[in-house]
Amino acid sequence: MNPDKKATKFTSKKAKLLIKVTHYFNPATILEIGTSLGLGASALKIAAPNSMMTTVESSSKIAKDNQFDLIYFNGSTTKQTTLTAFERCLSTIRNETLFIVNDIYASKETLETWAIIKQHPKVSVTVDVFYCGIVFFRTEQEKEHFKIRI
């Protein structure tokens, strides 16, 4: 394990945030990449019980013709793994799709990954809520970055 990496927990505060965001956007299709005892998937399913949910360990299992309303990047993986998954998932997005990137402050590496994601040309809006980062791809919206303390 990378010594710079902090072990992160799936806290009740993180679960509540994930449930509120997911419930608000009410996605019909959800993809979770990387599982953590199924806690993230459980929170997503509580928030959107009628959604079609797919959970995979690796983005290599995602067909390019799939489309998702919400993609949850769970767990603190390496920078390259997360960026590869991010790039691969770009082929599955629509204008209304949002990504939730877990643990953006878990390590220096995850923070660097978050900075790269924010700068991607397809990303229009990002919201940093400390526990995670929320990414939007709305083409009609100007590029903006928000940091919200909750």
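The values are calculated or read from the model by the stated rules, or taken from the named source; none is laboratory data. These figures come from a predicted structure and were not determined experimentally. Every residue, glycine as well, gets a Cβ built from its backbone with ideal geometry; the counts of neighbours run over all protein chains shown.
Here are the numbers for this structure:
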item	result
Residues that are in a loop (DSSP other than H, G, I, E, B) and farther than 22 Å from residue 16 by Cα, drawn from segment 97-110	107
Subset of segment 25-43 that is at pLDDT 90 or above and among the hydrophobic types (A, V, I, L, M, F, W, C) - its residue that is surrounded by the most Cβ atoms within 10 Å (Cβ to Cβ)	31
All positions within segment 93-121 that are modelled with pLDDT under 95 and basic (Lys, Arg)	94, 108
Members of segment 93-120 that are under 13 Å from the mean Cα position of the chain (by Cα) and among the β-branched types (Val, Ile, Thr)	93, 97, 100, 101, 104, 110, 113, 117
Residue among 84, 126, 113, 139 that is in a strand (DSSP E or B) and of a type in the set (S, T, N, Q)	126
Pairs with Cβ under 6 Å, 6+ apart, first in segment 105-132 and at positive phi, second assigned to a loop (DSSP other than H, G, I, E, B) and surrounded by fewer than 17 Cβ atoms within 10 Å (Cβ to Cβ)	none
Residue match in segment 52-62 (condition: part of a loop (DSSP other than H, G, I, E, B), buried (at least 17 other Cβ atoms within 10 Å of the Cβ) and over 13 Å from the mean Cα position of the chain (by Cα))	yes
